[in-house]
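Below is one structure, written out as structure tokens; comments come after it.
The values are calculated or read from the model by the stated rules, or taken from the named source; none is laboratory data. No experiment lies behind these values; they were computed from the predicted model shown. For neighbour counting, all protein chains shown are included, and Cβ atoms are generated from backbone atoms with ideal geometry for every residue, glycine included.
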Amino acid sequence: MGAEVRQAKRIGLLYDGRASTFCPGCEHGLLLKLIARALEELGVADRAVMVGTVGCSSLGYLLFDSDFVQAPHGRAPAVMAGIKLVEPDAVVFAIQGDGDALSIGLQELLYAADRGIPMTIFMYNNMTFGMTGGQMAPTTIPGMRTTTTPRGRDVKLSGSPIDACRLLSAIDGPAYLRRAILAPRPLRVKGKIFYSAREALEAYRIVLNAFRAQLKGGFSFVEFVGTCNVNWRMGIDESKAFVHEVGAKYFPPGLCRDIYGLEGGGKV
Amino acid sequence: MIIDPGRCKGCGICVAACPMGNLRLSEGVNSLGYHYVEWRYEGEVGPCTGCAACYWVCPEYSILEIVRSGGEGT
Amino acid sequence: MTAELLRGAEAIGLAALMSGVEAYFGYPITPSSEIMEFMASEQGDPRFPRYKAFVQASSEVEAVSMLMGAGAAGHLAMTATSGPGLSLMAEGISHAYVAEIPFLIVDVNRGGPGLGTTEPEQSDYLFVTRSLGHGGSRAIVLAPEGVGEAMELVNRGFRLAFEYRIPVVILTDAIVVHMRETVDVPELRPVLDGVPPWAVRGKRGRGTRNALTTGFLDSRELKEFKEGLERKWRRISEREAYYECHMCDDAEVIYVAFGISARVAAEAVRELRGRGTAAGLFRPITLAPFPSGALARLRGRGIRFVVMEMNEGQMYRDVREALGPDEDIESIPMMGGIVTRSEAS
């Protein structure tokens, strides 16, 4: 983590005065902000195309002032491929939920990765289908209660959580595969909770790298593990702690592939 | 610093992120019904180091800009 | 251009290339795979520099989503498939209909439902004309009767797709796609000149963004949007309902048939005329919008209508609706694609 703290500038790609429809404490808004900032910093805001997904991840289009086309549930990687093959200068990206990417859209994701057509996919992994009310998702942890696993996820019936980074590592196509915890870690000092900007700043650098990979002609995929405190039935601080203490065991942060050496040329 | 209180959802992360304790959630609520972030010090600048932790952690883009007196974003 | 002996599959591909197609995204399925194989071999053909992308997708679901992307970005894209593949594409077509994204799908009708057979049928008629996709989604449907017309309709299909911003289906069948005919290759011009103003490809100095959504936040928004789509379909119905009426003026028996069945019906007409019966042929060229107005003009003349189609009687319903309850209409269903001249006359 460098000492460089980037400028706290106004972000043009986010509409003025428009509040998001995310729940308080959700990191979707944070991810959106980092993406907007990164596209501006890289000077490609005017070439950006956001492809809409289905789920809470899709709500960003209301705030994001770039060209936009909605994809059906799970199909964003294929829609992005269609755009990129006819408009190679467009900078295409999508924010998929864990359900969008690993359940209904798993095939589209794997083949987009396999072909290696340059695009950037952010998967917001909150271990649930948030928008539809908190059903089990491909990344729901064993024992976790959801509306479709009311007694906790039973691995014998419902399988184990899918590790997207590991799955995509088996495919040669991607240029940049990364997982990080997006939720800030709560630090307890003398009974009070503190947060730092550490996760946000690290996430920002990862977002920049993901777009740089696309600009170099590669397929990039970043899994950001975040919270869904409403569907997890937890308070905001509790949900952040859950991600770091429990979630991170199943989805440990790390670099899975970095062909261009964007993170300084080695595995973390 | 420039805040847009209308977007704030009162998550409180920025309040807990400011190392100087400069922020707090308001008594009143904004149009969305949330207690919003506001500067703790009435009218004064307060001991802000310009670290921009609040700007970066906010998930709603309520902290719009950090401006040092007399300059563009720190 | 000169007369050439062309196979249906190649002719369709050639027509698309001449029309300026830029992307082909498909999946193998008999009896349409030859079209995809032709397009694969045409990559890098210096005669058609606009053609820049060919991908064999991992499924029809992926293929239709890629069509959505290329179409949303304002470029000509197409695919060819058959019944089972088209069923998989229905979700994408429904999205494209609402987002007003244009692309071309060639449906090479095989036996159905299910896996059916790989033999020709015309049993996708209801699917493509009534409701191709959930929520009242539609496409313009064109039905060529042979190789030459298939070429012309591919070009027209692209034109209509981009003029009205709607998916277009060419409903053909295994016979037309596999047969060889000598055709006068038509002079087909590229359909697009530059990128349309609504294209999603980055703001590029435009100032405001282009947003193609398929979801709405409230019912009022959806209602207004759909009223607009309905007005658009009415315009299409008024202006783009094509048909051919062959020897109808004095006819006492009129066959109603589309696609390859129309050629069999034409034979029946010839035979009947030879025997002294005044027969005619009404051939819809657009199946959606159905040329009901033109057909309705034949009402009240005591004509006996014979609807011949390679399915259980799907177009029959549209014919009955256009002509009303009092006209004499016979349905000759030919399931399994078995059509004989003796049955026809």
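Any residue at all in the stretch C:66-73 that is in contact with a His (Cβ under 8 Å, 6 or more places away or on another chain) and within 24 Å of C:Val200 (Cα to Cα)?
Checked against the condition, which is being in contact with a His (Cβ under 8 Å, 6 or more places away or on another chain) and within 24 Å of C:Val200 (Cα to Cα), the stretch C:66-73 yields at least one hit.
Quick check on this structure: which one of C:Phe38, C:Phe25, C:Phe103, C:Phe54 is in contact with a helix residue (DSSP H, G or I) (Cβ under 7 Å, 6 or more places away or on another chain) and more than 14 Å from every other protein chain (Cβ to nearest Cβ)?
After ruling out the rest, the residue left standing is C:Phe38.
Working only within the stretch A:177-204, note down all residues that are under 15 Å from the mean Cα position of the chain (by Cα) and of a type in the set (D, E, K, R).
A:Arg178, A:Arg179, A:Glu199, A:Glu202
Residue by residue, here is whether (1) at pLDDT 95 or above; (2) within 19 Å of C:Phe38 (Cα to Cα); (3) in contact with a helix residue (DSSP H, G or I) (Cβ under 7 Å, 6 or more places away or on another chain); (4) not assigned by TED's automatic domain parsing to the domain that holds C:Phe290 holds:
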{"position": "C:Leu132", "(1), (2), (3), (4)": "yes, no, yes, yes"}
{"position": "C:Val141", "(1), (2), (3), (4)": "yes, no, yes, yes"}
{"position": "C:Pro144", "(1), (2), (3), (4)": "yes, no, yes, yes"}
{"position": "C:Ala150", "(1), (2), (3), (4)": "yes, yes, yes, yes"}
{"position": "C:Ala161", "(1), (2), (3), (4)": "yes, no, no, yes"}
{"position": "C:Ile166", "(1), (2), (3), (4)": "yes, no, yes, yes"}
{"position": "C:Thr172", "(1), (2), (3), (4)": "yes, yes, yes, yes"}
{"position": "C:Ile175", "(1), (2), (3), (4)": "no, yes, yes, yes"}
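Does the stretch A:59-75 hold any residues that are within 8 Å of chain C (Cβ to nearest Cβ) and in a helix (DSSP H, G or I), and which are they?
The answer is A:Tyr61, and nothing else.
So is A:Thr128 closer than 20 Å to A:Tyr250 by Cα, within 18 Å of the chain's Cα centre (by Cα) and buried (at least 21 other Cβ atoms within 10 Å of the Cβ) or not?
yes
Across the stretch B:30-74, which residue is modelled with the highest pLDDT among those that are facing another protein chain (nearest Cβ under 7 Å), assigned to a loop (DSSP other than H, G, I, E, B) and more than 23 Å from A:Pro186 (Cβ to Cβ)?
Step by step, filter the stretch B:30-74, then rank; the result is B:Leu32.
Somewhere in the stretch C:316-339, is a residue in a loop (DSSP other than H, G, I, E, B), within 18 Å of the chain's Cα centre (by Cα) and closer than 22 Å to C:Asn109 by Cα?
no
Of the residues that make up the stretch C:232-242, is at least one aliphatic (A, V, I, L, M), within 14 Å of chain A (Cβ to nearest Cβ) and more than 30 Å from C:Gly302 (Cα to Cα)?
no
Being acidic (Asp, Glu), closer than 27 Å to A:Phe129 by Cα and more than 8 Å from chain C (Cβ to nearest Cβ) is the requirement here; does A:Glu108 meet it?
No; evaluated as a whole, the condition is false for this residue.
Within the stretch A:60-76, can one find any residue that is closer than 18 Å to A:Gly130 by Cβ, touching a Cys at 6+ places or on another chain (Cβ under 8 Å) and buried (at least 24 other Cβ atoms within 10 Å of the Cβ)?
Checked against the condition, which is being closer than 18 Å to A:Gly130 by Cβ, touching a Cys at 6+ places or on another chain (Cβ under 8 Å) and buried (at least 24 other Cβ atoms within 10 Å of the Cβ), the stretch A:60-76 yields no hits at all.
Being free of Cβ contacts under 8 Å to residues at least 24 places away in the same chain and part of a helix (DSSP H, G or I) is the filter here, so list the residues in the stretch C:250-289 that pass it.
C:Ala266, C:Val269, C:Arg270, C:Gly274 - these are the residues of the stretch C:250-289 that are free of Cβ contacts under 8 Å to residues at least 24 places away in the same chain and part of a helix (DSSP H, G or I).
Just for the stretch A:111-125: of the residues that are in contact with a Gly (Cβ under 9 Å, 6 or more places away or on another chain) and closer than 23 Å to A:Asn231 by Cβ, which one is nearest to the other protein chains (Cβ to nearest Cβ)?
By that ranking, first place goes to A:Tyr124.
Quick one: in the stretch A:39-56, which of the residues that are more than 11 Å from every other protein chain (Cβ to nearest Cβ) and not in a loop (DSSP other than H, G, I, E, B) is nearest to A:Leu14 (Cα to Cα)?
That would be A:Glu40.
Does the stretch C:70-81 contain at least one residue that is away from every other protein chain (no Cβ under 14 Å) and either part of a loop (DSSP other than H, G, I, E, B) or surrounded by fewer than 24 Cβ atoms within 10 Å (Cβ to Cβ) (or both)?
There is no residue in the stretch C:70-81 that is away from every other protein chain (no Cβ under 14 Å) and either part of a loop (DSSP other than H, G, I, E, B) or surrounded by fewer than 24 Cβ atoms within 10 Å (Cβ to Cβ) (or both).
Answer with yes or no whether A:Leu102 is within 14 Å of chain C (Cβ to nearest Cβ) and touching a strand residue (DSSP E or B) at 6+ places or on another chain (Cβ under 8 Å).
Criteria not met by A:Leu102.
Output the number of the condition that A:Pro24 fails; it satisfies all remaining conditions of (1) part of a helix (DSSP H, G or I); (2) over 17 Å from C:Gly202 (Cβ atoms).
Unmet condition: (1).
Of all residues in the stretch C:58-114, count the ones that are among the charged types (D, E, K, R) and within 28 Å of C:Ile260 (Cα to Cα).
3
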